[in-house]
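All remarks here apply to the structure that follows.
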Amino acid sequence: MKRSTDTEVLSDPSFARAVIDWQRAHGRHALPWQNTRDAYRIWLSEIMLQQTQVTAVLGYYARFLERFPSVHDLAAAPPEDVMAHWSGLGYYTRARNLHACAKRVVADYDGVFPSDPALLADLPGIGRSTAAAIAAFSAGARAAILDGNVKRVFARVFGIDEYPGIKPVEDALWRRADALLPEGNGIEAYTQGLMDLGATLCTRGKPDCGRCPLQDRCVAFATDRTSVLPVPKPKKATPERRALMLAVVDAGQVLLQQRPDSGIWGGLLSLPEYDGHVALDEADDVSAATLAAAAGEFGDVAEAEPLLPLVHGFTHYRLHIQPYRIGLRARGALPPGHVWWDLATIADAPLPAPIKKLLGQLAAPSLFS
């Protein structure tokens, strides 16, 4: 007997029909990047929405489009301008890839995004799922998405008892996603419907199963396992690190340093650091006098005093930041990669969110003079 293929086993036209009908009646239809075939706007929204909620993206999206209304405008912009408009949205590799992608689209495709998901996925910062979403919304391409929301929906509906991030499990989910695609019309509503279900009903904490169009086929609901599916990633202890940052101030300005393009806060400005991000349990005590001596390369140091510490969480570790205010009697030669920035306009600087917050709170003349 001929063995059935995965596609034959997993295909279920009623699944797509249920998602499409629900989305058209109850899904989201008024987001600023919807109701358009403009691939630039769709691409921008998809990149911003990676690992970021809609409510956080809305303001950034509007301001970004106002400054960069087309892919040509974005491609021609200075990197520091792009980073400044992304500052605070986090995951800054996305901004660097966004800029690189715009340049590629202009150089290789005359400013017109390709409609083929495979070509889109070859561009910087666009993975398989994002490419499928862009192609579906901008060109009606029949391609499967599998972002975090969709993984959660599939894990619950089909009772996936393993962590979805494991490659064999993820590969099986991709086969299922491909098999469940609707035939004929409706790919836009289906794609948006899966996103909407994960974002509004099949949420992490309190799924609204009573309004879900997939409730009657949901394994997690039937077996009372919505609270345990999807299976979470095995936990590891979050590393703790420390950074000593130097807020070198003089005449209403603060000294900022350009960070490398790769790594944490890549491409942004930040405060100069002493000894980088050190494991907290291995960090030595450092005196204000030692930091003052280290800051001597920036000028004649008058004083060094600790400011209130803060803690910032990254994806892979927590950073304990201890800032020091370094006052100068006179400036030295400006080292390469450094710039003096007016504290009065610090909100405009391309800074990481915690550093911008720190400097914004401390920009009073009594503290920085």
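The values are calculated or read from the model by the stated rules, or taken from the named source; none is laboratory data. The structure displayed is predicted, hence computed values, not measured ones. Don't worry about glycine lacking a Cβ; one is built from the backbone with ideal geometry, like all the others, and counts go over all protein chains shown. Protein only, heavy atoms only, side chains kept; ligands, DNA and RNA dropped before computing areas. Shrake-Rupley method; radii C 1.70, N 1.55, O 1.52, S 1.80 Å.
Numerical summary
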quantity	calculated
0 to 90° range, to nearest 10: angle between helix 54-67 axis and the chain longest Cα axis	70
Order of exposure, largest accessible area first, which applies to H99, H316, H277 with probe 1.4 Å	H316, H277, H99
The chain - mean residue ellipticity at 222 nm from DSSP helices (-39,500 (n - 2.57) per run, n ≥ 4, rounded to 500)	-11500 deg cm²/dmol
Whole-angstrom gap from the range 208-236 to the range 29-107, using each part's C-alpha centre	33
Local net charge near L359, Cβ-Cβ under 12 Å (Lys/Arg +1, Asp/Glu -1)	+1
Fully extended contour minus Cα-Cα distance, from T52 to A30, at 0.36 nm per residue	6.1 nm
Gain in span if fully extended, A347 to T290, counting 0.36 nm per residue against the direct Cα distance	17.5 nm
Set of aspartates and glutamates near K357 by C-alpha distance (under 13 Å), chain-local residues within fewer than 8 positions excluded	D348
Counted charge near A139, where neighbours are those whose Cβ lies closer than 13 Å (Asp, Glu -1; Lys, Arg +1)	-1
Gain on full stretching of the segment that runs from K357 to K236 - 0.36 nm per residue minus C-alpha separation	40.6 nm
Karplus 3J(HN,Hα) series, Hz, for the range 14-23 with 6.51 cos²θ - 1.76 cosθ + 1.60 (x for Gly, Pro)	5, 5, 4, 4, 5, 5, 4, 4, 5, 4
Virtual spin-label span in nm between V228 and L310, 7 Å along Cα→Cβ	4.1
Residue-normalised accessible area of the chain, expressed per residue, 1.4 Å probe, Å²	50
Accessible surface of the range 85-176, 1.4 Å probe, proportion on carbon and sulfur as whole %	50
Cα long-axis angle, helix 187-196 against the chain (0 to 90 degrees, to the nearest 10)	60
Cα-based helix-to-principal-axis angle, 93-109 vs the chain, degrees rounded to 10	70
Long pairs among K103/K233; K167/K206; K151/K356, criterion Cα-Cα beyond 30 Å	K103/K233; K151/K356
Near-label residues of the range 191-220 by backbone N, under 20 Å of a point 7 Å along Cα→Cβ of D161	217-220
Distant-in-sequence amide H partners of L229 (H built 1.01 Å from N, under 5 Å)	none
Of the trypsin sites (Lys or Arg not before Pro) in the range 13-97, those whose Cβ has at most 12 other Cβ within 10 Å and which sit in DSSP loop	R37
Whole-number percent relative contact order across the chain, with pairs defined as alpha carbons under 8 Å at least 6 apart	17
